[in-house]
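**Q** First, the structure itself, so that you have it in front of you.
Read-outs: derived from the displayed coordinates by stated rules, not from any lab. All values reported here derive from a predicted model rather than from experimental measurement. Neighbour counts are summed over all protein chains in view; Cβ atoms, including those assigned to glycine, are modelled from backbone coordinates with ideal geometry.
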């Protein structure tokens, strides 16, 4: 099963992807994390995408495909995987389908308002050392509970960048949603609820989809 999580930055895709990974065993693949790792490593690809990401713009399809393709070849992806942040455009979706043609898909769009996104990301902090994410939790403002690393505000979590990313998402997602709707694999999820409520809704969808494909 290929599970694709769609939604604006701050919609909760990362959190839900982690819960899906924990519950179903499918590895969560975040293109944002993969690209940020390239930046941290100082690779040629990392240097190319660093300024693009800081401005909240979309990285070119060919560059993203390069890191996605390498990740999907890993052993842990053979039985299925969760894509968080990819595809973002219709062209990326078509490229992905060429990479892995026969795998059944379930596409979940986590829907949330811009106001809710801004409020949610205002308290988000990320560990500079291990990448753990914290959301306005008491006692976690300065130090990571997992490794003791320093918690920082990601450059792409600044309000002006969030607004730009939200605008780009709304402007570019239409053809992608239409594509998956035509394939009858698109399922909207209300992202304004609690993390637990959103995951319960996702589980209902995935349990039904997985059961249906096992029967076939």
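**Q** Over 17 Å apart: what share of the alpha carbon pairs of segment 56-148 falls there, rounded to a whole percent?
**A** When all Cα pairs of segment 56-148 are counted, 66 percent exceed 17 Å.
**Q** Taking only Cα atoms and a 10 Å spring cutoff, compute GNM fluctuations for the chain and point out the largest among 22, 182, 124.
**A** 182
**Q** OK, next. Once you have the Cα-Cα distance between residue 51 and residue 205, take 0.36 nm times their residue separation minus that, and quote the gain in nm to one decimal.
**A** Computed gain between residue 51 and residue 205 is 51.7 nm.
**Q** How do 24, 169 line up, fewest other C-beta atoms within 10 Å first?
**A** Going from least to most buried by this count: 24, 169.
**Q** Now for a different question. Determine the percent antiparallel among the DSSP beta bridges restricted to the chain, to the nearest 5.
**A** Restricted to the chain, the bridges split so that about 25 percent are antiparallel.
**Q** Ignoring everything except DSSP H segments at least 4 long, calculate the 222 nm mean residue ellipticity for the chain; use -39,500 (n - 2.57) per segment, divide by total residues, nearest 500.
**A** Dividing the helical sum by the residues of the chain leaves -16000 deg cm²/dmol.
**Q** Of the candidates 202, 152, 112, which one comes out as most mobile in a Gaussian network treatment of the chain with C-alpha springs shorter than 10 Å?
**A** Of 202, 152, 112, the most mobile in the Gaussian network model is 152.
**Q** Still on this structure: If only Cα atoms are counted, what is the Rg of segment 47-105, and what is its Dmax, in Å?
**A** 12.5, 36
**Q** Follow-up. Given the C-alpha centroids of segment 65-84 and segment 8-31, what is the distance between them in whole angstrom?
**A** 14 Å
**Q** Among 105, 21, 196, which one shows the highest mean-square fluctuation when the chain is modelled as a Gaussian network with alpha-carbon springs under 10 Å?
**A** With Cα springs under 10 Å in the chain, the top fluctuation among 105, 21, 196 is at 196.
**Q** To continue, here is another question. Over all Cα pairs of the chain, how is the pair count split among 5 Å bins, expressed in % and running from 0 up to the last occupied bin?
**A** All Cα pairs considered, the percentages come to 1, 6, 14, 19, 21, 19, 12, 5, 2, 0, 0.
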